[in-house]
Each structure stands twice: as C-alpha cells, then as structure tokens.
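Structure first, commentary second.
The values are calculated or read from the model by the stated rules, or taken from the named source; none is laboratory data. Not measured: the values here are computed from a predicted model. Cβ atoms come from the backbone with ideal geometry, glycine included; neighbour counts cover every protein chain shown.
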Amino acid sequence: MKVALVTPMSPESAIADVTTQAIPDLSEHWDLDVWCPAETTYRPCPVPVLPYEAPGQDVLDALAGYDLVVYVLGNSAWHSRILPLAQRLPGLAVVHDASLADLVRMTAIDAGQLDYLIRHVEADYDVEHGEIMRAATTLVTPDEWLEFCAEVPLDDVALRGSLGVVVHSRWHAGRVEGLTLGDVTVAPLPVPSTRLGFDENQKTSAPGLLEHLPDDAVLLVTVGSVNANRRIDLLLEAIGDDDRLASIHLWAVGPSEERVGRELLDRARTLGLAERFALTGRVTDSLLQEILARADVAAALRHPVLEGQSASVLTQLLSGTPVIVYDHAHYSELPDDAVLKVPMADGVTGVRRVLRRMVADEHERLQRGARGRDYVLGSRSGAAYAAALLSAGERAVRAIPVAHVAMDLAGRLRRLELEKAPAALAAVTDLAFDLFDLD
C-alpha cells in the first residue's frame, strides 16, 4: 500500500521526533513517503522526504495519488500547513493534543475564514465564546485562553471527514469518538528521544544550580514550558509553610512565559522560598538528563489538560524519577504503582501529603522510580507505536467508501436545503450505517 505521511520534520519538533521513531517499522509494511512543510533543516529519515512550501492544489493532487494519507496534527504552528490538507483530502489523523483551538484558529486566519469559525463557535456555544475566539490572546489573559481552549477544543472542525483518528490515551479517545467517519485507535506514544533538545550553546542558570544544590536537598522538578496550567504556584504553596518539607528545592525546568515566571518568583519570595526555587529557562537534552538524574521527585499537575498524552511525564518516568500527577484525564491511566496520584479536590493538602511521603521514604521513591522506568521501557517503543498506526491505517482504508458516500450525501442534502433538518439527517445516517455495517 502506498502511503503518504504528512508530518513536521523540523529537528525542534517533539511530535516529529516520536513520529519518526515509527517510520522504520512502518516502511517495512507500507510504500511510504514523508511529506512535510518546508524548513531550513530536517530530521534524518530512512524514506523519501518531500517538502512543500504551501498546502496548495499541487500538493493535494499529488497526495490524492496515494492509497492512504496520514496527517499528524498538534496544536501548534508546526501543523498550520498540514491541517488545510487534512480538511480537503480525507485521511487518517494522528492527533497529539486534546485541544486544537490554536491550530484551527491559525488555519482559519490564514484562509481568511475567521468570521466563519466564530459563527461556528457561537452556534455550538454562545456569543461570548465567539468573542473570545475573535480576541484570542490579545484581549484575554493567558489563564482565560487556556480555559477557553479546554472548553472549545475545535477538534470537530479539524477532524470532520477524517477516515479515522489515532490518539494516545483512552481519555482522549472518548473525547473524539463520533467526530470521524472511521475508527478511533489508542496508540502508545514513544518518549521523545531529544527530550527538550535545545541549542547546546544556549545560556541557562541550571549548571550553576546543580553545583550549588545542597547534598541533602530533596530536588522536586517540573519539566516543560512554564505556563499557567502546570500549577507550580500550588507546589510552592504546598512546601512554603511546612517544616517537614524544608529540604525540598523546587526547579521549573523549561522556557517560561514572562508574566508567569515573574508571578512565580514573586510568590516564592513571599513564601520565603527565594533560595529554594528556580526557573532554569531552556535547557539542552544533556543538561535535562543531568537534572533528572539528580531529581528526587517530579510533578505534573496539569489543569486544564490540553494534551492527549504527556511526553514530558514519560521522559521523567524513563529517568527513574517518581512523578506526582492529578488523578484525572490521561494521567489517571498511568500505573498506580509508578506515579503518585492526587485527587484534584484535595488541592494543596493532597500535594503536601504526597510530598511528605516522598521526603520521608527514600526507599519508596526509588521503588516507584524503578517501576516507572520499567513501564516506559516495556510499552513505549517506536515499534509498538508503528504497530498501532499500521492497524489504524488498515481500518482507515476500509472507511474510504464511507467518506465518498458521506460527501455525496452532504452535497445532496445541501442542495435540497435539508442539511439542518434533524429527521432527514437521522434517516440518511441510519441508512449509511446499515449499508456499510458501521455499528
């Protein structure tokens, strides 16, 4: 089967990293080409890489010659030249984020269709949400925008007409069920091989921090972009007024939004934690590994949850570091004996309780860290990821006739002005499912 895989191939893209880990195994079963938005440099790849500048008709015509097109989608600018193709030529969508609001908005602006998208949001939600979509980050706070993205994921816009969807958690699968003409597949996301993978020459304060960290310090880390939904403020509050946690030093490892970073530093000073809290900034892959090798505990208290799976948590587990998570969304699916799950309702009290256990019991820290590493090593390989994609691809091909019928029926209903008549839609849908035995 001749397959086109449309994905970012930039060395800086973590999604490109995990995708390329599957390519060697995929190419053993598919006659595979990789199509990607043009960049200055590309990841090494064992199959042909075909860059394109714009997602125009010439690219669509070329992709139409394949038996199947697989589109890799994430909620960032890396995918803004991929989504327009997926919206015009049905294929299998591999979706990494539970909210695609930023990507869909970006694509609508590029196509001059923002007003159409706003009307869609107003129809499905309300006028207030439509106004937030129009203003986006210019007139609303980052916290408000995060909440909007969680409430209005716009995955229905991105996945309309798709032949199937691949996601990376059962939680995400439940959210997209019914948004595709085909099946929903849960695939085991590999660990990014480059981790944060930043420029080796980029300045960071972390080396100095490692040198000056007290030998008896319990190092608590968060990994990834420091933004409002990582709840680092809650971690500061948990350790700030507790003598039993006085040995904890908290490091937020990754790039910081200026406002969020400033507020966290102010909060740390107020709590008397200025000497025990650090924003490391961007770090290299090798330095991240040094930090994780020294870390005693990690935390990933994401709320709201906008990703379909957390690559940063997998990275921390692979390092043998026990991780504290909220017991919700895809984090609930991680093994109970590898991570420490805190009910969201428990708030600061629950986080403090778990931190006390970790500070007091080095043996449990080591045991949980080892179990987390074993879990990742045993389930998160490129080969396992490829096997899930191959299975999803087979089912997507079987959905191609359904896509043709669906497009034809949609056109006929529009011409008859019946596309918004519930009775007509129900009758046509039931007939289509009976014909193709889609139940």
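Just give me the residues in segment 13-38 being outside any helix (DSSP H, G or I) and at pLDDT 95 or above, in sequence order. Talk me through it step by step, then tell me what you get.
Quick first cut of segment 13-38, residues outside any helix (DSSP H, G or I) only: 13, 30-38.
Passing the criteria: Trp30, Asp31, Leu32, Asp33, Val34, Trp35, Cys36, Pro37, Ala38.
Which ones in segment 19-56 are loosely packed, with under 12 Cβ neighbours inside 10 Å and among the polar types (S, T, N, Q)?
Listed by number, the residues that qualify are Thr40, Thr41.
Just one of Arg352, Arg357 is crowded, with 20+ Cβ neighbours inside 10 Å, in the same structural domain as Arg231 (by TED's automatic domain parsing) and basic (Lys, Arg); which is it? Outline the logic, then answer.
Values: Arg357 fails: crowded, with 20+ Cβ neighbours inside 10 Å.
Only one candidate passes the filter, namely Arg352.
Could you list, in sequence order, all residues of segment 254-273 that are part of a loop (DSSP other than H, G, I, E, B) and touching a Leu at 6+ places or on another chain (Cβ under 8 Å)?
Residues of segment 254-273 that are part of a loop (DSSP other than H, G, I, E, B), as a first pass: 255, 257, 271-273.
Answer for segment 254-273, where residues must be part of a loop (DSSP other than H, G, I, E, B) and touching a Leu at 6+ places or on another chain (Cβ under 8 Å): Leu271, Leu273.
Return the residue satisfying two criteria in turn: it lies in segment 236-267 and is surrounded by 18 or more Cβ atoms within 10 Å (Cβ to Cβ) and more than 25 Å from Trp145 (Cα to Cα), and of such residues it is nearest to the chain's Cα centre (by Cα).
Ranking the candidates gives Trp251 first.
Report, by residue number, each residue of segment 95-117 that is in contact (Cβ under 8 Å) with a residue 24 or more places away in the chain, outside any strand (DSSP E or B) and either in the same structural domain as Pro84 (by TED's automatic domain parsing) or closer than 27 Å to Arg302 by Cβ (or both).
Kept after step one, since they are in contact (Cβ under 8 Å) with a residue 24 or more places away in the chain, are these residues of segment 95-117: 95-107, 110-111, 117.
Still in the running and outside any strand (DSSP E or B): 96, 98-107, 110-111, 117.
His96, Ala98, Ser99, Leu100, Ala101, Asp102, Leu103, Val104, Arg105, Met106, Thr107, Leu117 - these are the residues of segment 95-117 that are in contact (Cβ under 8 Å) with a residue 24 or more places away in the chain, outside any strand (DSSP E or B) and either in the same structural domain as Pro84 (by TED's automatic domain parsing) or closer than 27 Å to Arg302 by Cβ (or both).
Tell me which residues, restricted to segment 129-168, are at positive phi and either among the polar types (S, T, N, Q) or surrounded by fewer than 15 Cβ atoms within 10 Å (Cβ to Cβ) (or both). Working first, answer last.
Looking only at segment 129-168, we keep the residues that are at positive phi, and these are 136, 154, 161, 164.
Those that are at positive phi and either among the polar types (S, T, N, Q) or surrounded by fewer than 15 Cβ atoms within 10 Å (Cβ to Cβ) (or both): none in segment 129-168.
Report, by residue number, each residue of segment 58-67 that is part of a loop (DSSP other than H, G, I, E, B) and farther than 19 Å from Gly182 by Cα. Walk me through how you get there before you give the answer.
In the first step, residues of segment 58-67 are kept if they are part of a loop (DSSP other than H, G, I, E, B); the result is 64-67.
Of everything in segment 58-67, just one residue is part of a loop (DSSP other than H, G, I, E, B) and farther than 19 Å from Gly182 by Cα, namely Gly65.
Search segment 215-225 for residues being touching a His at 6+ places or on another chain (Cβ under 8 Å) and not β-branched (Val, Ile, Thr), and hand back the single one that is modelled with the lowest pLDDT. Before the answer, list the steps.
Of all residues in segment 215-225, those touching a His at 6+ places or on another chain (Cβ under 8 Å) come to 217-220.
Remaining after also requiring not β-branched (Val, Ile, Thr): 217, 219-220.
Numbers: Ala217: 94, Leu219: 97, Leu220: 97.
Here the answer is Ala217.
Here's the yes/no breakdown for (1) within 27 Å of Ala293 (Cβ to Cβ); (2) touching a helix residue (DSSP H, G or I) at 6+ places or on another chain (Cβ under 7 Å); (3) surrounded by 17 or more Cβ atoms within 10 Å (Cβ to Cβ):
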residue: Leu306; (1), (2), (3): no, yes, yes
residue: Gln309; (1), (2), (3): yes, yes, yes
residue: Ser312; (1), (2), (3): yes, no, yes
residue: Pro322; (1), (2), (3): yes, yes, yes
residue: Met344; (1), (2), (3): no, no, no
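Given (1) of a type outside the set (Val, Ile, Thr); (2) under 26 Å from Val95 (Cα atoms); (3) in contact with an Asp or Glu (Cβ under 9 Å, 6 or more places away or on another chain), where does Ser332 come up short, assuming only one miss?
Answer for Ser332: the failing condition is (3).
For segment 155-186, which residues satisfy the criterion of being in a loop (DSSP other than H, G, I, E, B) and over 15 Å from His330 (Cα atoms)?
Just the residues of segment 155-186 that are in a loop (DSSP other than H, G, I, E, B), to begin with: 160-163, 168-169, 177-182.
Selection gives Arg160, Gly161, Ser162, Leu163, Glu177, Gly178, Leu179, Thr180, Leu181, Gly182.
Exactly one of these conditions fails for Gly393: (1) in the same structural domain as Asp233 (by TED's automatic domain parsing); (2) under 30 Å from Tyr66 (Cα atoms); (3) more than 20 Å from the chain's Cα centre (by Cα). Give me its number.
(1)
Is it fair to say Glu211 is among the acidic types (Asp, Glu), at pLDDT below 95 and in a helix (DSSP H, G or I)? Please lay out each step first, then the result.
Working: among the acidic types (Asp, Glu): yes; at pLDDT below 95: yes; in a helix (DSSP H, G or I): yes.
Yes: the conditions hold for Glu211.
I'd like the full set of residues that are within 14 Å of the chain's Cα centre (by Cα) and either part of a helix (DSSP H, G or I) or of a type in the set (Ser, Thr, Tyr) (or both), limited to segment 68-94.
Once the filter is applied, which keeps residues that are within 14 Å of the chain's Cα centre (by Cα) and either part of a helix (DSSP H, G or I) or of a type in the set (Ser, Thr, Tyr) (or both), segment 68-94 yields Ser76, Ala77, Trp78, His79.
Consider Pro8 carefully, then state whether it is surrounded by 24 or more Cβ atoms within 10 Å (Cβ to Cβ), touching an Asp or Glu at 6+ places or on another chain (Cβ under 9 Å), of a type outside the set (A, V, I, L, M) and not in a helix (DSSP H, G or I). Quick ask: steps written out before the conclusion?
Numbers: surrounded by 24 or more Cβ atoms within 10 Å (Cβ to Cβ): yes; touching an Asp or Glu at 6+ places or on another chain (Cβ under 9 Å): yes; of a type outside the set (A, V, I, L, M): yes; not in a helix (DSSP H, G or I): yes.
Considered against the rule, which asks whether it is surrounded by 24 or more Cβ atoms within 10 Å (Cβ to Cβ), touching an Asp or Glu at 6+ places or on another chain (Cβ under 9 Å), of a type outside the set (A, V, I, L, M) and not in a helix (DSSP H, G or I), Pro8 comes out as yes.
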